[in-house]
Amino acid sequence: MNKRTSMYRRNLYPNRTIGAARKSPAKGKTNWQKKGKLIFVWFLIVVNVVILYSFLHNQIFSVGTPPTRNEVAPDALSVRIQNGCGVKGVGNTFAEILRKEHYRIVQVENAEDFSYERSVVIDHDKADRNKVEKMTSVLGVSKDQLYHIEQQGVDADVTFVIGKDYPNLKSYKRTRNQQ
């Protein structure tokens, strides 16, 4: 190209550099894109209204008593529960049973082995024997399975070892019938 042609092009297109790519005109958003955003915004508004309604309904219109805690008397027996049968979760089941009866559960653990055929209650001679016998009655453990063994270093008044006979205990049967 000669000098003259270059000049001519510059004058003809003053805002354009030589050899630059031409920009395509800006495309506007399609009608569907606009509708999609509008639908999404309305969806968010509806979700917020539902959440707000639910919150206000629970705060204003809910009537009833708050759930009661299982109060434990200060002189309640403290009980350590040991799973001696190996069935998963049975220790926690009996812990809930005794909590509902207002006993203080200090520990739920596995026994040294899972060979206990019968459930036993071990009184560590720290509490009133009448209270211990009442607890065995609540559980449904026979009195011949109540042992009085004084142990040092045990932080519970009573240890309840769950044996393989636990499905036959009246407290367990009562709990299963309620469910």
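The values are calculated or read from the model by the stated rules, or taken from the named source; none is laboratory data. Keep in mind it's a predicted model, so treat the numbers as computed, not measured. In this analysis, Cβ positions are derived from the backbone assuming ideal geometry, glycine residues included, and neighbour counts consider all displayed protein chains.
What the table shows:
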read-out	value
Residues that are surrounded by 10 or more Cβ atoms within 10 Å (Cβ to Cβ), modelled with pLDDT under 90, of a type in the set (S, T, N, Q) and farther than 30 Å from THR159 by Cα, drawn from segment 37-89	SER54
Selection count where residues are within 22 Å of LYS131 (Cβ to Cβ) and either touching a residue at least 40 places away in the same chain (Cβ under 8 Å) or in contact with a Leu (Cβ under 9 Å, 6 or more places away or on another chain) (or both), scope segment 74-83	6
Options TYR116, TYR166, TYR103: the member that is out of contact with any His (no Cβ under 6 Å at 6 or more places or on another chain) and within 25 Å of ALA73 (Cβ to Cβ)	TYR103
Which numbered condition GLU133 misses (of (1) in contact (Cβ under 8 Å) with a residue 60 or more places away in the chain; (2) closer than 17 Å to LYS170 by Cβ)	(1)
Unmet criterion (only one of (1) closer than 29 Å to PRO74 by Cβ; (2) without any contact (Cβ under 8 Å) to a residue 40 or more places away in the chain; (3) outside any helix (DSSP H, G or I)) for GLY86	(1)
